[in-house]
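Working notes, beginning with the structure itself.
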Amino acid sequence: MILVTGGAGYIGSHMVKLLGEKGRDSITFDNLSRGHREMVTSGKFIKGDLSDTDLLVDIFRGYHVTAVLHFAADSLVGESEEDPRRYYRNNVANGIHLLDAMMEAGVKKIVFSSSAAVYGEPVRIPMDEDHPAAPVNVYGTTKLIMENMMKKYNEVYGLRFASLRYFNAAGADPDGFIGEDHDPETHLIPLVLDAALGRRKEITVFGSDYDTPDGTCIRDYIHVTDLAEAHILALGHLEKERGPAVYNLGNGRGFSVLDVIKAVERVTGRTIPVRAGERRKGDPARLVASSERITRDWGWQPRYADIDVIVETAWKWHRRRFG
Ligand SMILES: NC(=O)c1ccc[n+]([C@@H]2O[C@H](COP(=O)([O-])OP(=O)(O)OC[C@H]3O[C@@H](n4cnc5c(N)ncnc54)[C@H](O)[C@@H]3O)[C@@H](O)[C@H]2O)c1
């Protein structure tokens with residue numbers, strides 16, 4: 001049995017669906033602070049908070065849980081700077097509660113949702129796993145603290161972990177029944193799709209004088225189903241290997257803000273009203289991953305790497321949910 005924390009959220013719900021398709025039993029553990037019960041389409045659902053160590057220990061023992069996929073966290077960079085207590089409490093203190101419960105119940109395997117935010121300002125592009133980890137916000141710091149903690153727990157308590165550093169998760173399950181629904185939404189693709197649906201008047205492009213071919217920021221978008229597939233590989237790895245695994249998960253190709261807007265226009269056949277805005281503080285010109293290491297070691301390859309395909313899957317869901 002696999003416990004999926006945050007399984008009612010955007011990425012976790014895709015994970016739970018994929019586990020079901022692979023015939024693996026799962027329990028979603030989510031407090032629904034930012035998730036949606038109806039997005040959990042497979043396995044069992046238990047409403048609970050990570051701070052409830054006793055409940056977690058009962059679940060681990062009662063359901064013979066063998067591994068944890070830990071998606072539950074708060075993940076808004078701006079909010080983490082305004083309300084750092086929330087982030088240290090939920091992402092770090094609750095992470096400690098989860099690891100404690102695992103140790104107590106003898107659950108020794110965890111796949112952790114880390115983030116490109118652990119790197120901070122890029123010193124080279126593409127960014128590989130050896131890029132210096134120097135987060136520039138509280139959110140990235142909380143992810144790095146968790147990674148460091150798990151490294152020590154690996155040495156001392158034999159915890160087996162894989163930490164997957166996602167770049168920008170995007171797209172939706174190709175069948176269109178689950179997808180991204182964050183409140184507030186801060187991710188570019190759903191915001192542009194909102195503009196396509198008329199739920200938003202226009203899209204503000206923050207800065208058009210960056211050192212990139214079209215002057216707008218370049219980011220690495222990775223399809224949410226490709227992310228979920230990497231977790232299946234990670235579970236297989238943890239069955240066999242003791243050593244820590246830390247890998248980037250990105251597309252390896254960057255797309256600019258204007259590339260994304262044009263892809264939405266192609267896919268939806270609608271024109272997106274665009275407004276030029278000032279640069280935002282702390283936005284690097286480019287953030288692009290090298291995912292060569294996970295490809296080499298585990299054979300992982302993104303299946304939905306094309307930006308139009310990513311947007312098509314997101315559009316199918318977005319129209320159904322919000323149209
Ligand atoms: N979305 C991205 O682009 C991205 C990029 C890098 C890393 N990540 C990481 O991936 C993970 C999933 O991201 P997402 O976009 O699906 O986020 P999300 O907000 O959609 O999902 C998180 C889920 O965790 C639940 N949760 C939060 N705190 C909890 C707690 N204390 N107890 C129980 N449940 C709790 C929420 O209700 C929600 O359902 C996060 O750890 C995030 O930091 C996401």
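The values are calculated or read from the model by the stated rules, or taken from the named source; none is laboratory data. Just so you know, these numbers come straight off a predicted model, no measurement behind them. Positions of Cβ are backbone-derived with ideal geometry, glycine not excepted, and every protein chain shown enters the neighbour counts.
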- Message: Taking the criterion of being within 25 Å of V68 (Cβ to Cβ), surrounded by fewer than 20 Cβ atoms within 10 Å (Cβ to Cβ) and of a type outside the set (K, R), would at least one residue in the range 110-123 satisfy it?
- Response: no
- Message: For the condition of a type outside the set (V, I, T), out of contact with any helix residue (DSSP H, G or I) (no Cβ under 7 Å at 6 or more places or on another chain), touching a residue at least 60 places away in the same chain (Cβ under 8 Å) and farther than 25 Å from N137 by Cα, what is the one hit in K17, K47?
- Response: K17
- Item | Search result, residues across the range 208-263 that are part of a loop (DSSP other than H, G, I, E, B) and acidic (D, E) | D209, D211, D214, E241
- Note on the structure: Result of the Cβ filter at 8 Å on the range 103-117, keeping first residues that are under 9 Å from R165 (Cβ atoms) and not assigned by TED's automatic domain parsing to the domain that holds L56 and partners that are surrounded by fewer than 24 Cβ atoms within 10 Å (Cβ to Cβ) and among the aliphatic types (A, V, I, L, M), at least 6 apart or interchain, is none
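Rundown of residues vs (1) farther than 24 Å from N91 by Cβ; (2) within 16 Å of the ligand (Cβ to nearest atom), yes/no style:
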| site | (1), (2) |
| --- | --- |
| K151 | no, no |
| N168 | no, yes |
| G176 | yes, no |
| E185 | no, yes |
| L188 | no, yes |
- Task: State whether one or more residues within the range 158-171 are over 21 Å from I232 (Cβ atoms), out of contact with any Leu (no Cβ under 7 Å at 6 or more places or on another chain) and outside any strand (DSSP E or B).
- Result: yes
- For E155, state whether it is assigned to a helix (DSSP H, G or I), over 15 Å from the mean Cα position of the chain (by Cα), of a type in the set (D, E) and surrounded by fewer than 19 Cβ atoms within 10 Å (Cβ to Cβ). yes
- strands (runs of 3 or more DSSP E) fully within the range 24-137 counting 2 or more residues that are out of contact with any His (no Cβ under 6 Å at 6 or more places or on another chain) and near the ligand (Cβ under 9 Å from one of its atoms): 26-30, 109-115
- Task: Name the one entry in D259, D194 that is under 24 Å from the mean Cα position of the chain (by Cα), within 20 Å of D173 (Cα to Cα) and not assigned by TED's automatic domain parsing to the domain that holds S163.
- Result: D194
- Item | Among residues of the range 181-190, those that are buried (at least 20 other Cβ atoms within 10 Å of the Cβ) and free of Cβ contacts under 8 Å to residues at least 60 places away in the same chain, counted | 0
